[in-house]
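J.: My questions will all concern the structure given below.
A short reminder: the numbers here are calculations on the coordinates, not readings from a lab. Only a predicted model underlies this, so the values are computations on that prediction, with no experimental measurement involved. No Cβ is skipped: glycine too gets one built from the backbone with ideal geometry, and neighbour counts run over all protein chains shown.
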Amino acid sequence: MKQLKVIAFTHKNIELKDLGHFVICNETLEDRLSNLKAKFNIPEIFYIGTCNRVEFIFSLERDLDHTFVKDFILSLNFCVPDEKLACLADQVSIYEDQEALNHLLRISCSLESLVVGEKEILAQVRKAYEHCREAGFTGDYLRMVMNLVVKTAKEVYTHTNISRKPISVVSLAYRKLRDLKMCSNARILIIGAGETNRNFSKYLQKHKYSNFAVFNRTLSKAEEMAADLQGKAYSLDELASYNEGFDVIITCTGSTEPVITNEIYQSLLNGETDKKVIVDLAIPNDTAAEVVENNSLYYIEVSSLQEVANHNIQERYKELIHAERIIEQNIAEFQPALKQRRVELAMRDVPEKIKQIRKTAIDSVFASEIEGLDPNSREVLEKVINYMEKKYISVPMVIAKQILVNHN
């Protein structure tokens, strides 16, 4: 595992409002990862961006030092002033080798989440990996790592109580909304049709809310979500001209700039003066600061859930111990599996090499002797060669595996 590396910005060492500076939108992700691979000669890489972490998982033979990490971050061309970027770069977490694998398993098992035990993180990690795999940024090594991640997380969720009655960031936000006792026909604007808002909408459907308008940059996704909610769909560009009023805004987009500016908010109010609700689950926030400061409203955001999350961690502390034991066991089992896979990759050319030797022997080295054989003798020789070919292919692999087993 010496080549596994992780560079991470998380809620544990960076404020959530600053974490938003490092979120990469899907439109630029592939170009940025391509540049990283080329510049640092990185064989495999994928990127995770969630509401409380931004992480780069990659393979690289060299050790990471402060100079490399700083150069790595600067190469991503984040829209952050140099002084602030240098300060934030000093707060980045670096994991290498087995420590990197342990970290990746811990986040996927939700041991490092804002709310310990929420299963959403595993789906987010898998989706992030699949996106990068389909784009050609990962290979066999990270495939094995991800297989282990999924296996371990499933064991933790199955064999511990860490996810029983889970309280995710989404469910915490929804509970706060429910406390406001909105009527089921409240006019709800949903901005963004991504996974977080889809999860939130399931709570809304469960409790019979029925009046929805969905806005999204890609209209087809808004239409798909609106169909599920039996609501109306709009492109994000239509938000500024929407005049049908609202009671609740639920927003979570990948935008790096506020989506709800004070100008847009006043337009959405359309002269109404009653107190509204904004549930902002985006990092960075989709709601401009002046909207919250200058208007009478209930504002629910991710960072306000921190206190509840901390209490949740204390309640589930004993389950962390059980989960960590499962992680340790899986890491121990992964070591020989990784070595075995390396042997398989090293030996995969053996069959073709054996076939080439056979062809050379028959067509060249012993061609004249074989030509003089009678048909029966040729048939026997062919059977002997086929038998020997199969054994020469399988025996080295078996011996190599036995050596690995005995060594371990």
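J.: Using the Cα centre as the reference, give the magnitude of the dipole from point charges on the C-beta atoms of the chain (Lys, Arg: +1; Asp, Glu: -1; all else neutral), rounded to the nearest 20 debye.
T.: Using Cβ point charges on Lys, Arg, Asp and Glu, the chain gives about 1500 debye.
J.: Still on this structure, I have one more. Once every DSSP H run of n ≥ 4 in the chain is given -39500 (n - 2.57) and the sum is divided by its residues, what mean residue ellipticity at 222 nm do you get, rounded to the nearest 500 deg cm²/dmol?
T.: Only helices count here, giving -17000 deg cm²/dmol.
J.: Just the projected area, averaged over all directions, of the convex hull on the alpha carbon atoms of segment 102-243: how many nm²?
T.: If you wrap the Cα atoms of segment 102-243 in a convex hull and average its projections, you get 10.5 nm².
J.: To continue, here is another question. Within 10 Å, at most 14 other Cβ atoms, and a DSSP state outside H, G, I, E, B define an exposed site. Report the longest part of the chain free of exposed GluC sites (Glu not before Pro).
T.: Between the exposed loop sites, the longest stretch runs 62-243.
J.: Using 7 Å Cα-to-Cβ label points, what is the residue 266/residue 317 separation (nm, one decimal)?
T.: Rounded to a tenth, the inter-label distance reads 5.1 nm.
J.: Treating only the Cα positions of segment 169-305 as identical point scatterers, give the base-10 log of I(q)/I(0) from the Debye formula at each q in 0.13 Å⁻¹.
T.: These q points yield log10 I(q)/I(0) values of -0.47.
J.: Normalised by the number of residues in the chain, what is the relative contact order in percent for Cα pairs under 8 Å and 6+ residues apart?
T.: 15
J.: Right, something else. Which residue, 48, 142, 292, has the largest displacement toward the positive end of the dipole of the chain when charges sit on each Cβ (Lys, Arg +1; Asp, Glu -1)?
T.: Of the options given, the answer is 142.
J.: Right, next: Along the Cα→Cβ direction, 7 angstrom out, place labels at residue 77 and residue 325. What is the inter-label distance in nm?
T.: Rounded to a tenth, the inter-label distance reads 5.1 nm.
J.: Once you've got the GNM for the chain with C-alpha springs shorter than 10 Å, pick whichever of 200, 78, 366 has the biggest mean-square fluctuation.
T.: 366
J.: What span do the alpha-carbon atoms of the chain cover on each of the three principal axes, reported in whole Å from largest to smallest?
T.: 103, 45, 41 Å, listed from the longest principal axis down.
J.: For an R0 of 60 angstrom, estimate the FRET efficiency from the Cβ-Cβ distance between residue 205 and residue 344 and round to the nearest 0.05.
T.: Step by step, r from the Cβ atoms, then E = 0.80.
J.: Still on this structure: May I ask you to sort 10, 158 by Cβ crowding, counting other Cβ atoms within 10 Å and putting the fewest first?
T.: Going from sparsest to densest Cβ surroundings: 158, 10.
J.: Also, quick follow-up: Return the single residue from 191, 264, 278 with maximal mean-square fluctuation; model: Gaussian network over the chain, springs between Cα atoms under 10 Å.
T.: 264
J.: When all alpha-carbon pairs of segment 1-156 are counted, what percent fall beyond 27 Å?
T.: 16
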